[in-house]
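Structure record follows, encoded as structure tokens.
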Amino acid sequence: MTEARQPFGEDDLTAFVDERLPEDRRAAVERFVDENPTIRVRVSADRAARESLRQRLNPIAELPIPNRLRVESILRRRRETLRWRLRAAAACVAFLFGGSAAGWKAHEFVPSLMASTQQAALSTTATDAISAHRIFVVETLHPVEVGAAQEPHLIQWLSRRVGHPLAVPDLAGQGYVLMGGRVLPAGNEAAAQFMYESSNGHRLTVYVRASVGDDTQFRFVESRGVSAFSWIDQGLGFAIVGAIDRPQLLDIADTVYRQVDPQHRAAPSEL
């Protein structure tokens with residue numbers, strides 16, 4: 001059977017609309033579209049929608065980087081956080097000199113407050129990641145905004161929007177290939193979602209957003225058949241989401257953790 005007579009899937013048609021197919025594959029898909037009026041009408045509609053979306057988004061892409069995402073703004077926020085911690089520590093010292101009982105309560109106040117803040121951030125990261133996973137993992141025509149074929153642009157774009165340098169985890173060893181990624185809202189900030197697919201069509205997502213805290217343990221959450229491992233590391237919240245069993249998901253989370261911060265020799269323990 002020749003290439004021209006083979007059935008073409010949604011990924012082929014989407015790549016054809018987005019002009020991302022190799023020349024030989026593009027010619028075969030083009031023949032297939034021309035020979036099928038129904039498909040040809042749908043492709044024309046998708047191209048019109050794509051062009052309309054591009055025209056609406058081009059002005060946004062040309063806007064300057066928001067002040068809150070500039071390096072100096074990020075460094076200023078970090079300095080403010082450090083000053084807050086120093087003031088809190090100074091308050092603890094003052095309480096300690098005021099009496100042993102009161103002193104020990106003050107000593108425990110700041111760590112417990114920081115731990116509570118980190119747990120809230122961790123919970124928000126997991127919840128938002130699962131919600132985004134449910135919405136986009138079922139998409140056939142537009143599961144991602146930027147495909148894997150444009151990986152350098154994808155990394156640069158998402159890093160700029162999240163405000164941190166990001167890396168795309170390689171999950172080929174776990175049987176998953178990068179499909180691409182997209183920007184998601186995260187409160188007043190932006191989050192990144194990378195989507196992966198296995199050879200049997202199963203998908204999982206890696207969610208990344210700016211977050212408070214430096215390092216936490218893995219936290220496991222399950223919601224209606226979808227599971228997530230989340231953690232915070234060096235100012236970023238991560239969540240690995242998929243409808244797979246807990247040991248396999250933990251192995252993927254461990255792989256992502258090691259890749260995004262190679263200085264770690266071992267992944268954090270699981271909660």
Report summary line: Share of accessible surface on carbon and sulfur in region 158-260, whole %, 1.4 Å probe and ligands ignored, is 48
Requested in this report: Starting at the first residue of region 227-242, write each ³J(HN,Hα) from the Karplus equation 6.51 cos²θ - 1.76 cosθ + 1.60 with θ = phi - 60°, in whole Hz, x for Gly and Pro.
Outcome: 10, 8, 10, 10, 6, 10, 8, 6, x, 10, x, 10, 8, 9, 10, x
Query raised in the report: Which value, in Å² rounded to 10, gives the accessible area of PHE32 with a 1.4 Å probe and all protein chains present?
Result: 40
Query raised in the report: So what are the ³J(HN,Hα) numbers for region 16-22, from phi and the Karplus equation (6.51, -1.76, 1.60; θ = phi - 60°), rounded to whole Hz, Gly and Pro as x?
Result: 5, 4, 7, 6, 10, 7, x
Report task. Mind ranking 192-199, 21-28 by how tightly packed they are, going by the mean number of other C-beta atoms within 10 angstrom, highest first? Result -> 192-199, 21-28
Requested in this report: Return one whole number: the accessible area per residue of region 136-191 in Å², for a 1.4 Å probe.
Outcome: 49
Requested in this report: Give the accessible surface of region 218-264 per residue, rounded to a whole number of Å², with probe radius 1.4 Å and ligands, DNA and RNA excluded.
Outcome: 40
Query raised in the report: For region 156-252, what does the equivalent ellipsoid look like in terms of its semi-axes, each the square root of 5 times an eigenvalue of the Cα gyration tensor, given largest first in whole Å?
Result: 21, 16, 12
Report task. For LEU53, LEU141, LEU154, give the ranking by accessible area with the largest first, probe 1.4 Å. Result -> LEU53, LEU141, LEU154
Report task. For PHE8, enumerate residues with amide H under 5 Å from its amide H, sequence gap 5+ or separate chain, H modeled in the peptide plane. Result -> none
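Listed highest first by mean packing, meaning other Cβ atoms within 10 Å per residue, what order do 44-51, 235-242, 162-169 come in? Before the final figure, lay out the partial values.
Values: 44-51: 12.9, 235-242: 24.6, 162-169: 18.8.
The most tightly packed comes first, giving 235-242, 162-169, 44-51.
The values are calculated or read from the model by the stated rules, or taken from the named source; none is laboratory data. What you are looking at is a predicted structure, and each value in this text was computed from that prediction instead of being measured. No Cβ is skipped: glycine too gets one built from the backbone with ideal geometry, and neighbour counts run over all protein chains shown. Ligands, DNA and RNA are excluded from the accessible area calculation, which covers all protein heavy atoms including side chains. Shrake-Rupley method; radii C 1.70, N 1.55, O 1.52, S 1.80 Å.
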